[in-house]
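Below: the structure, in structure tokens.
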Amino acid sequence: MHELPVVLDIIRVMDEEAEKNKIKKINKISLVIGELSSIIDESVQMYFEVAAKGHPCEGADLVFEHRPAMLRCQSCGKKFPHTRDFQCPDCGGDSILIKGTGREFYILSFDGQ
Ligand SMILES: [Zn+2]
């Protein structure tokens, strides 16, 4: 349910970009979603299809790019993307989450004409 305000935000930004760049129709929007953001692709897609009606981005393809959370090893300092566990791939040490990573949600790029 929390995807709705997010979707409305995307549409608002796309309206502004369309106006600024004199774009009549937006064909494709690429979105970055962090794995910890708890935003679900399907929900974004569903709300978007309804809410974008009558906007320049109506019918645009949404492309989702997922970003992992990043971890930092407490023993050797290596930074690596979170996959299965919190173990450092280099030294096997315990790692901690780098604050703010994996919670991204933003518009990476868009195509229009
Ligand atoms: Zn390490």
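No lab work stands behind these numbers, since they all come straight from the coordinates. Everything numeric in this text was worked out from a predicted model, so none of it was measured. Please note: Cβ atoms are built from the backbone with ideal geometry, for glycine as well, and neighbour counts cover all protein chains shown.
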- For GLY112, the residues 5 or more places away or on another chain with a placed amide H closer than 5 Å to its own amide H are ASN27
- Note on the structure: Residues meeting the amide H criterion for VAL63 (H placed from the backbone, H to H distance under 5 Å, 5 or more places apart or on another chain) are ILE29, SER30, LEU31
- Query: For the range 6-15, in order, what is each residue's ³J(HN,Hα) by Karplus, 6.51 cos²θ - 1.76 cosθ + 1.60 with θ = phi - 60°, in whole Hz (x at glycine and Pro)?
  - Reply: 5, 5, 4, 5, 4, 5, 5, 4, 5, 4
- Message: Antiparallel versus total DSSP beta bridges in the range 1-93: what percent is that, nearest 5?
- Response: 30 percent
- Query: Could you give me the ³J(HN,Hα) list for the range 62-76, computed from phi with Karplus coefficients 6.51, -1.76, 1.60 and θ = phi - 60°, whole Hz, x at Gly and Pro?
  - Reply: 9, 10, 9, 10, 8, 10, x, 5, 9, 10, 10, 5, 7, 8, 10
- Task: Show which lysines lie in cross-link reach of LYS79 when reach means a straight Cα distance below 26 angstrom and same-chain residues fewer than eight apart are skipped.
- Result: LYS99
- Message: Below 8 Å, C-alpha to C-alpha, sequence gap of six or more: please give me the relative contact order for the chain in percent.
- Response: 35 percent
- Item | For the chain, calculated [θ]222 nm from helices alone, where every DSSP H run of n ≥ 4 adds -39500 (n - 2.57) | -8500 deg cm²/dmol
- Please work out the Cα center distance from the range 46-93 to the range 1-45, rounded to the nearest Å. 16 Å
- Item | Amide H contacts of CYS57 (H built 1.01 Å from N, under 5 Å, at least 5 apart or other chain) | ILE26
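Local charge sum around CYS91 (other residues, Cβ-Cβ under 15 Å, Lys/Arg +1, Asp/Glu -1)?
For residues surrounding CYS91, the net value is 0.
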- Task: At a Cα cut-off below 13 Å, give the aspartates and glutamates reachable from LYS22, other chains included and same-chain residues fewer than 8 away excluded.
- Result: ASP111
- Query: Which lysines have a Cα less than 27 Å from the Cα of LYS25, not counting those fewer than 8 places away in the same chain?
  - Reply: LYS53
